[in-house]
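Worksheet: the structure to be examined is printed underneath.
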Amino acid sequence: MDYKNILLDREERVAAITINRPDKLNALNDGVIAEMRAALDELENDREVRVIVITGAGDKAFVAGADIKELSTLNALQGVAKSERGQVLMFHIANMSKPVIMAINGFALGGGCELAMAGDIRIASEKAKFGQPEITLGIIPGYGGTQRLPRLVGKGRAFELLLTGKMITAKEALEIGLVDKVVPHENLMDETKSMAKAIANMAPIASGLIKKCVYYGLETDLKSGCTFESLQFGAVCTTDDMAEGTKAFLEKRKPEFKGK
Ligand code: COA
């Protein structure tokens, strides 16, 4: 597919989606949302790709939010539909069988912070800034921000960000658990790709099942989550990769995982 709002690159087994509207600080308009969904579908079906990185074009922004121009004229029904379209994208990321790493290179505000939170792992440049400034526009987050933020950072910290609309630094985001790692700006893509490549060398069916177990478990009680895990454990025991991984260990060599 021909993309106009995003760039799609592949390097070995790692694919990178770059949101490419730097003159609008990569704001999420309908085009970006639709193309990201299509790109994720394309990558899910590409057996060569094992890990996906999402980042923003330019030096300034990861994503500075939903496109405020598009938001400004919405009526109630259009508002619901727009919110749902964004939420479908966010769930799509968790539903991918491949790990998705967010490389947050600058402003991650509003929909940008929501997009970052929808990723499996978040690595931020020390220049990145985070916030849910919707309230300063008289609106509320619509892409899952009121739900994922308290789950990640706790109720009080989430309320502070949601109700004041204030921006925080990458270091503060790390302290509250909103990001997982902060790196020097110039190292962001190298560090992200190096983690992505390490994950890409692991067994892909297992990484997909780990995602399923973690997301299932985050939404349920411990006992049900563990029962779910046992079933996935049974499933992974049927794979060639399981046979290869255990055999390679016993033969003292590196495993060659085929995703079968
Ligand atoms: N939607 C649409 N356009 C946006 C945008 C958004 N969320 N964020 C930035 N832009 C546009 C600006 O309108 C500007 O366009 P223009 O050059 O045509 O006027 C361009 O991106 C550059 O932004 P600018 O505001 O000039 O950059 P800055 O460095 O002065 O400020 C921010 C950076 C991030 C502080 C500021 O752009 C901002 O507050 N953006 C909105 C953040 C927000 O509220 N997001 C939640 C939306 S629900």
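Within segment 1-56, antiparallel bridges make up roughly 50 percent of the DSSP beta bridges whose residues both belong there. The smallest convex shape that holds all Cα atoms of segment 95-196, its convex hull, gives 82 Å³ per residue.
Once each part is reduced to its C-alpha centroid, what is the distance from segment 129-150 to segment 1-58 in angstrom? Each part reduced to its Cα centre gives a spacing of 23 Å. Full extension of the segment from ARG151 to HIS185, taken as 0.36 nm per residue of separation minus the current Cα-Cα distance, would add 9.5 nm. Using every pair of distinct Cα positions in segment 157-259, the Kirkwood expression returns a hydrodynamic radius of 17.1 angstrom. Helices in the chain, meaning DSSP H runs of at least 4 residues, each add -39500 (n - 2.57). Divided by all residues, the mean residue ellipticity at 222 nm is -15000 deg cm²/dmol.
The orientation-averaged shadow of the Cα convex hull for segment 1-143, equal to a quarter of the hull surface, comes to 8.2 nm².
Within the chain, DSSP assigns beta bridges of which about 25% are antiparallel (rounded to the nearest 5). Would you mind computing the Rg to Rh ratio of the chain from its alpha-carbon coordinates, Kirkwood style for Rh? Here Rg/Rh amounts to 0.99.
Here segment 1-126 carries DSSP beta bridges of which approximately 25% are antiparallel, counting only pairs with both residues inside. Across segment 169-178, rounded Karplus estimates of 3J(HN,Hα) from the backbone phi angles (6.51 cos²θ - 1.76 cosθ + 1.60, θ = phi - 60°) give 7, 4, 5, 5, 4, 5, 4, 9, x, 7 Hz, Gly and Pro being marked x. Axis angle, to the nearest 10 degrees, between helix 204-218 and the longest C-alpha principal axis of the chain: 50 degrees.
Read-outs throughout are calculated quantities, based only on the coordinates presented, and are distinct from any laboratory measurement. Every value quoted in this text rests on a predicted model; they were computed, and no experiment measured them.
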